Amino acid sequence: MKIAISSKENNELSMVSDRFARSEYFIIYDHDTLSFTAVENTAKKAGSGAGGKAVKILGDLNVDIVLVPELGPKALEALQAFEIESYQYPKEKTVKEVLYLYFEKKLPKLEVSTSTGRH
Amino acid sequence: MKIAILSGKGGTGKTTLSVNLFSFLNKGTLIDTDVEEPNGHLFLKGELIKEESVLKKYPHVNDDLCTYCGKCGDFCNFNAIIPAKKKVLVFQDLYHDCGGCSLVCPTNAITYQDKEVGKIYYTQVSKNKLFLYGNLTVGEVSGVKIIEALKEKTENEELLIIDSPPGTSCSTVSAIDGADYCIICAEATPFGLSDMKMVVELLRAENQNFGVVVNKSNLGNDEIYHYLEEEHIELLEKIKFDREFARIMAQGELLINHSEYFKEKMANIARKVLGESYDQ
């Protein structure tokens, strides 16, 4: 099982990002190997449609779960199509902290988008 | 002759200049290409003779033919089409009508369907005067299709005035495309000058001939005049701000019908840009 977290920097001690699709990095936690990998988020630079593109990146990495600060409607639709579950983390935490919160089942599951798309 | 009126900054007087210059001339066609918020029609009374839908195409994916190879998604710069696990997502509002996804699709699974993005309206203002404006449907991202439709419908007009959208983005580039001359309607303020510089850069990149009308010339400062001199840009006319002008415009009236000063300014601009032939 792989869990992706939107992150400001490239390791598990980084602060989580305030944005999902335009975060600097995704930290991928692989629960089978207990390892962390950082993936630079190329969707960040997209002129439009960063949400869908970010989800595509995660889908291609076979991510099962994503931890996010917020989700736009297109990103949510794309996550559903890629069969990736999403959970919302609180602000001002590190990647590791929100991962623990997830395993403690303290993060709410996102079923509806929390923000409107931005141009 | 096709003349585009543009500004960079919003609110400098593009539409004021366009509708008054158009009304001053004895013939010609005006198009309002500010399709996100058109307002030329508020000043030009006439009979609405026709309205037409403007369509854009968006991709439709045949699930039976699609192999989920991902080529369409890799190709699309706008992220409008995203192949997922068991279906291909199409975000209609992000789609730019380039047709690339169907070109790269190896199984011809992508066809196109029509969607209305807005309308264009034709108004007969008088016997020799036609006015067209476009209106972009709320929620649509780009007005370029509508601007292109307005330009296409009027491409054979002998004298065309193009009231352009503000800014220097795709809409403006599309509006001035094919113009013989551009009039920058500027404002003598730091903000007006800063935005005008971007327009100058755009027009030079497009190899356009242009001159400047400084509107509200008694406000702001002298910086714009120094800039025009340094850059050897023609100052076509200076038009002062007058509270009375604002009052007349606010009632939806044309300034040339109420102000000899303003009418004289339009005559000077017409003479400089069009030559004597179109002078009334």
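The values are calculated or read from the model by the stated rules, or taken from the named source; none is laboratory data. Remember, it's a predicted structure, so these values are computed and weren't measured experimentally. As a convention, Cβ positions derive from the backbone with ideal geometry for all residues, glycine included, and neighbour counts pool all protein chains shown. In case anyone asks, the SASA skips ligands and DNA or RNA and just uses the protein heavy atoms, side chains included. Shrake-Rupley method; radii C 1.70, N 1.55, O 1.52, S 1.80 Å.
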request  = Only Lys, Arg, Asp and Glu count, each charged at its Cβ (+1, +1, -1, -1), so figure out the dipole size of region B:63-108 about its Cα centre, rounded to 20 debye.
outcome  = 200 debye
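Could you run the numbers on buried accessible area between B and A, total for both chains, 1.4 angstrom probe, in Å² to the nearest 100?
On the way: alone 13780 and 6630 Å², together 19120 Å².
It comes to approximately 1300 Å² buried between B and A.
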message = Please report the antiparallel percentage of DSSP beta bridges with both residues in region A:2-103, rounded to the nearest 5.
response = 65 percent
task = Extending each Cα 7 Å along its Cβ direction at B:LEU65 and B:ASN26, get the distance between those two points in nm, one decimal.
result = 5.8 nm
query = How much accessible area per residue does region B:63-108 have, in Å², with a 1.4 Å probe?
reply = 54 Å²
Charge-dipole axis of region B:110-216 as Lys and Arg at +1 and Asp and Glu at -1 on Cβ define it, positive-most pick from B:TYR181, B:SER171, B:PHE131 = B:PHE131
inquiry  = Spelling out what I want: for every residue of region B:155-161, take phi, set θ = phi - 60°, compute 6.51 cos²θ - 1.76 cosθ + 1.60 (Karplus), and round to whole Hz; glycine and proline get x.
reply    = 5, 9, 5, 6, 10, 10, 10
ask   = So what is the relative contact order of chain B, in percent, for Cα pairs below 8 Å that sit 6 or more residues apart?
value = 27 percent
ask   = Going by a 4.7 Å Cβ-Cβ cut-off, which cysteines of chain B have no partner at all?
value = B:CYS66, B:CYS69, B:CYS76, B:CYS98, B:CYS105, B:CYS170, B:CYS182, B:CYS185
Amide H partners (placed H, <5 Å) of B:ALA4, local residues excluded = B:ILE162, B:ASP180, B:TYR181, B:CYS182, B:ILE183
Pairs of lysine residues in region A:2-103 - Cα separation under 16 Å, sequence separation of 8 or more or cross-chain = 14
request  = Using only Cα atoms, tell me the angle between helix B:144-153 and the longest principal axis of chain B; keep it within 0 to 90° and round to the nearest 10.
outcome  = 60 degrees
task = Give a residue-ordered list of calculated ³J(HN,Hα) values for region B:175-187 (Karplus: 6.51 cos²θ - 1.76 cosθ + 1.60, θ = phi - 60°; whole Hz; x for Gly, Pro).
result = 5, 8, 4, x, 6, 8, 7, 10, 10, 8, 9, 10, 10
ask   = Across peptide B:70-83, what mean number of C-beta atoms from other chains lies inside 10 Å of a residue's C-beta?
value = 4
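Give, rounded to the nearest 20 debye, the magnitude of the charge dipole that region B:175-223 has about its Cα centre when Lys and Arg contribute +1 at Cβ and Asp and Glu contribute -1 at Cβ.
Numbers: 3 positive and 8 negative charges, 17 e Å.
Its charge dipole is roughly 80 debye.
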query = Taking amide hydrogens as modeled 1.01 Å from N in the peptide plane, which residues meet the under 5 Å criterion relative to B:GLY70, leaving out close sequence neighbours?
reply = none
ask   = What average number of partner chain Cβ atoms lie no more than 10 Å from the Cβ of the residues making up B:157-169?
value = 0
inquiry  = Taking 8 Å as the Cα distance limit and 6 or more residues as the minimum spacing, I'd like the relative contact order of region B:63-108 as a percentage.
reply    = 39 percent
query = In terms of modelled amide H atoms, which long-range or inter-chain residues lie less than 5 Å from the amide H of B:HIS60?
reply = B:THR111, B:TYR112, B:GLN113
message = Nearest 10 degrees is fine. How inclined is helix B:190-205 to the longest principal axis of chain B, computing both from alpha carbons?
response = 60 degrees
message = Given a 1.4 Å probe, show me the residues in region A:63-85 buried by at least 10 Å² of accessible surface when comparing the whole protein assembly to the chain alone.
response = A:LYS74, A:GLU77, A:ALA78, A:ALA81, A:PHE82, A:GLU83
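In chain B, carbon and sulfur make up what percent of the accessible area (probe 1.4 Å)? Intermediate values should be presented prior to the final figure.
On the way: 6170 of 13130 Å².
Its accessible area is 47 percent carbon and sulfur atoms.
State the extension gain, in nm to one decimal, for the chain segment bounded by B:ASN209 and B:LYS50, taking 0.36 nm per residue of separation less the distance between their alpha-carbons. Show your work: numbers first, answer last.
Values: separation 159, 0.36 × 159 = 57.24 nm, distance 3.31 nm.
Working it through step by step, the gained length comes to 53.9 nm.
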request  = Would you mind checking the tilt of helix B:260-274 against the longest principal axis of the Cα atoms of chain B, expressed as 0 to 90 degrees and rounded to 10?
outcome  = 60 degrees
³J(HN,Hα) computed for each position of region B:128-139 - Karplus, 6.51 cos²θ - 1.76 cosθ + 1.60, integer Hz, glycine/proline x = 9, 10, 10, 10, 10, 9, x, 9, 7, 5, 4, x
ask   = Once every DSSP H run of n ≥ 4 in the protein assembly as shown is given -39500 (n - 2.57) and the sum is divided by its residues, what mean residue ellipticity at 222 nm do you get, rounded to the nearest 500 deg cm²/dmol?
value = -8000 deg cm²/dmol
query = Where nothing but the Cβ of Lys and Arg (+1) and of Asp and Glu (-1) is charged, how large is the charge dipole of region A:2-103 around its Cα centre, in debye to the nearest 20?
reply = 400 debye
